[in-house]
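Please treat every number below as a calculation from the coordinates, not as lab data. Since the structure is predicted, the reported quantities are computational estimates derived from the model, not experimental observations. As a convention, Cβ positions derive from the backbone with ideal geometry for all residues, glycine included, and neighbour counts pool all protein chains shown.
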Amino acid sequence: MVNVITRDSNNAPVISAANDPPTLKVVTRVSSEANFDFLEITLNDGTTTETIFSDSGDSGAWQTVLKELPGAGSYTLTARFFTDSEQTAGSNQGWIDLLSVKSTFQSYFEYDDFSGGLPTGFTTSGDANWASATFDSRSTLASGTIGNSQESILTWNFTI
Ligand SMILES: [Ca+2]
Ligand SMILES: [Ca+2]
């Protein structure tokens, strides 16, 4: 995408959501029974909920999700690791290594070091809680230990 910057009469960039959209970035990974047990990440903008990531199995790779936000407002990101009724595989877990909201001109949020536990604005629910963990030499939030037909949910409410 070409980022066209509007300029005022003094040649200074005019900052607006239209020409400098805030972008949500999520670095995540899953290790689970392929095609049956999933890490799913959704984003709600107050009106609609959109799935921005859904994966299972274990590729051994971290994945980066980028999502342009429409502008100022309140958002809810939900990361849900859930299993079906039988069998687990791999670590049976999902991780978040990094969460940020940034535009060209402004950094709204960046969470990379989770060693202090869940930051303010984060909550966890389900059959087991998400918690900070070191995995693959990274400071992450990791879903809790669950069995079959269970779920571990992380919720992040943020306003930009
Ligand atoms: Ca399963
Ligand atoms: Ca990290």
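If the condition is being surrounded by 14 or more Cβ atoms within 10 Å (Cβ to Cβ) and outside any loop (DSSP other than H, G, I, E, B), then segment 50-61 contributes I52, F53, D55. Checking each residue in segment 85-98 for being surrounded by 14 or more Cβ atoms within 10 Å (Cβ to Cβ) and farther than 15 Å from A133 by Cα picks out T88, A89, G90. The C-beta contact set for segment 100-119 (first residue of a type in the set (D, E, K, R), second residue in a loop (DSSP other than H, G, I, E, B), distance under 8 angstrom, 6+ apart or interchain) comprises K102/P22. Of all residues in segment 78-121, count the ones that are among the hydrophobic types (A, V, I, L, M, F, W, C), within 16 Å of ligand 1 (Cβ to nearest atom) and over 19 Å from T155 (Cα atoms). Result for segment 78-121: 1.
Looking only at segment 129-149, residues that are within 15 Å of ligand 1 (Cβ to nearest atom) and buried (at least 18 other Cβ atoms within 10 Å of the Cβ) come to 2 in all. Scanning segment 34-49 for residues that are closer than 21 Å to W130 by Cβ and loosely packed, with under 14 Cβ neighbours inside 10 Å gives a single hit, T49. Taking segment 137-160, which residues are small (G, A, S) and over 13 Å from the mean Cα position of the chain (by Cα)? Correct list: S137, S139, G144, G147, S149, S152. Taking the criterion of being over 13 Å from the mean Cα position of the chain (by Cα) and within 17 Å of Q63 (Cβ to Cβ), the residues of segment 95-136 that qualify are F135, D136. Once segment 138-160 is narrowed to residues that are of a type in the set (A, V, I, L, M) and part of a loop (DSSP other than H, G, I, E, B), the residue that is farthest from I96 (Cα to Cα) is I160. Filtering segment 105-160 to residues that are of a type outside the set (S, T, Y), out of contact with any Leu (no Cβ under 8 Å at 6 or more places or on another chain) and within 16 Å of ligand 2 (Cβ to nearest atom) leaves D113, G116, G117, P119, F135, D136, R138, A142.
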